[in-house]
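> This is the structure I want to talk about, given as structure tokens.
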């Protein structure tokens with residue numbers, strides 16, 4: 001079963017995307033991975049924005065430097081998270 005994503009706002013250098021069913025743990029990891037990229041100027045998430053009318057799924061907002069597609073930055077961060085999780089699993093299995 002995959003993640004459910006829904007773009008809520010999109011422009012040349014900013015993307016807001018709803019990520020259904022995720023919690024602070026995952027959102028903090030993804031935000032951290034985004035902020036490690038030099039071309040990402042800001043990455044934040046909000047679990048229950050005031051204007052949402054009761055929306056509780058987290059919304060991730062990414063702002064990038066000029067000429068950098070925020071969706072590409074998100075894809076790069078997702079790869080980083082996957083690699084880190086794989087490295088951790090390998091280290092954990094080696095230690096067990």
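Taken together, the values in this text are just the output of simple stated rules run on the coordinates, not laboratory data. This structure is a prediction, so every number in the text was calculated from the model and none was measured. A quick note on method: Cβ atoms are made from the backbone with ideal geometry, for glycine too, and the neighbour counts reach across all protein chains shown.
> Given points 7 Å out from each Cα along the Cα-Cβ axis, report the residue 36 to residue 65 separation in nanometres with one decimal.
1.8 nm
> With angles folded into 0 to 90 degrees, how steeply does helix 70-95 sit against the dominant principal axis of the chain? Use alpha carbons for both and round to 10.
Tilt relative to the chain: about 20 degrees.
> Same structure, new question: Enter the angle in degrees (range 0 to 90, nearest 10) between the Cα long axis of helix 24-35 and the first principal axis of the Cα atoms of the chain, meaning the one along which they spread out most.
80 degrees
> A follow-up question, please. Under 20 Å from the 7 Å Cα→Cβ point of residue 48, by amide nitrogen: which residues of the stretch 1-37?
The answer is 17-28, whose backbone nitrogens lie closer than 20 Å to the label point.
> Could you work out how far apart the two model spin labels at residue 75 and residue 9 are, taking each label as a point 7 Å from the Cα in the direction of the beta carbon, and quote it in nm?
2.4 nm
> Here is a further query. Kindly state, as a whole number, the per residue volume in cubic angstrom of the convex hull around the alpha carbon atoms of the stretch 1-49. Spell out each step's value before the answer.
Values: hull volume 4.6 nm³, N = 49.
Convex hull volume per residue, Cα atoms: 94 Å³.
> How are the C-alpha pair distances of the chain spread across 5 Å bins, as whole percents from the shortest bin up?
So the P(r) values, bin by bin, are 2, 13, 22, 23, 17, 11, 6, 3, 1, 0.
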